[in-house]
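What follows is a set of notes on a single structure, which appears directly below.
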Amino acid sequence: MDYGMIGKIEKAKLYAQEPERVTFNALTAEFRGDNSTYIINLGPEGWDCTCPGYKSYGICPHIMALEKIYKPLLKRAPLPYAPGQNVVSDVEKAMRYADEQDRIKLTSFDVSFQGDNDTHLTTYDDTVWVCSCTFFQSRGVCCHTMALERIFKNMITAAPAFAH
């Protein structure tokens, strides 16, 4: 029996109940909107979306939905509404999108994860996890990656099963 792994699974369950431990440094998401699929990025310089609304106003319902869903993980002020933006329509759409999370696939992200003893950098890129903690270095999985799998549920693609 692997008691070290059992402890990490239990810690992951607890961490997943405290999403405020996580801070997005960067993310890329595919967002299936009503009309098309858009790519949303968040980096040090801020948000970007490939949709026409973002190109016109610097804000869109796709980003607004992500800001609502991930508020505890963003640690930044939401984007302000823009002059000329159809705020009522966009807010209604963003609220609906936030409730329809199957529209969203996180394809990559970089987070800081505040553990009990230290802050760890954890990344996800198209099913590939990396974490700076020593347990991950020796096992290829850790309480941080397992907690993030729980937090993001169906918004990430599960890693392929090991083929024998």
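The values are calculated or read from the model by the stated rules, or taken from the named source; none is laboratory data. Since we're looking at a predicted model, the values are computed, not measured. Heads up, the Cβs are rebuilt from the backbone with ideal geometry, glycines too, and the neighbour counts pull from every protein chain shown.
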Item to complete: Could you look through the range 15-33, keep only residues that are more than 13 Å from the chain's Cα centre (by Cα) and closer than 15 Å to Ile63 by Cβ, and pick out the one that is modelled with the lowest pLDDT?
Response: Gly33
Worksheet, complete the sentence: Sole miss for Glu20 among (1) within 21 Å of Asp102 (Cβ to Cβ); (2) of a type outside the set (Phe, Trp, Tyr); (3) in contact with a helix residue (DSSP H, G or I) (Cβ under 8 Å, 6 or more places away or on another chain) is condition (1)
Discussion item. When you scan the range 78-90, do you find a residue that is modelled with pLDDT of 95 or more, of a type in the set (Val, Ile, Thr) and not assigned by TED's automatic domain parsing to the domain that holds Ile151, even just one?
Written reply: no
Practice prompt. Would you check which residues across the range 109-146 are modelled with pLDDT of 95 or more, more than 15 Å from Tyr70 (Cα to Cα) and of a type in the set (Gly, Ala, Ser) and list them?
Written response: Ser132
Worksheet entry | Long-range neighbours under 7 Å by Cβ, at least six apart or interchain, first residue touching a residue at least 60 places away in the same chain (Cβ under 8 Å) within the range 6-24, second in a helix (DSSP H, G or I) and of a type in the set (Gly, Ala, Ser) | Ala12/Ala147; Tyr15/Ala147; Ala16/Ala147
Fill in: Filter pass, Met95 being out of contact with any helix residue (DSSP H, G or I) (no Cβ under 7 Å at 6 or more places or on another chain) and at pLDDT 95 or above
yes
Worksheet, complete the sentence: Among (1) modelled with pLDDT of 95 or more; (2) surrounded by 13 or more Cβ atoms within 10 Å (Cβ to Cβ), Phe152 falls short only on (1)
